[in-house]
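The values are calculated or read from the model by the stated rules, or taken from the named source; none is laboratory data. Here the structure is a predicted model, which means the values were calculated and not measured. Don't worry about glycine lacking a Cβ; one is built from the backbone with ideal geometry, like all the others, and counts go over all protein chains shown.
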Amino acid sequence: MKAQELREKTPDQLREELVKLKKEAFNLRFQQATGALENTARMRQVRRDTARVLTVLNEKAAQAAE
């Protein structure tokens, strides 16, 4: 997921995306704990996507505050 794609979304869409990513991160952690996780790189990707979404949300909030 690219930051430019995220900037085109509305804040509500970004919040939905954030919820989806957090659920996926939880499921990945659970799979890792049980030894069922096959693609360990996905955890890193989800963490970074979450950070991107939060960054874009903060940028939009800063723009709205101006």
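Things to note:
- Subset of region 12-52 (residues that are surrounded by fewer than 14 Cβ atoms within 10 Å (Cβ to Cβ) and either at pLDDT below 95 or not in a helix (DSSP H, G or I) (or both)): GLY35, ALA36, GLU38, ASN39, THR40
- Evaluated against (1) at pLDDT 95 or above; (2) part of a helix (DSSP H, G or I); (3) out of contact with any helix residue (DSSP H, G or I) (no Cβ under 6 Å at 6 or more places or on another chain), LYS9 falls short on exactly one condition, (2).
- Taken over region 53-66, residues that are without any contact (Cβ under 8 Å) to a residue 40 or more places away in the chain and surrounded by 13 or more Cβ atoms within 10 Å (Cβ to Cβ) amount to 1.
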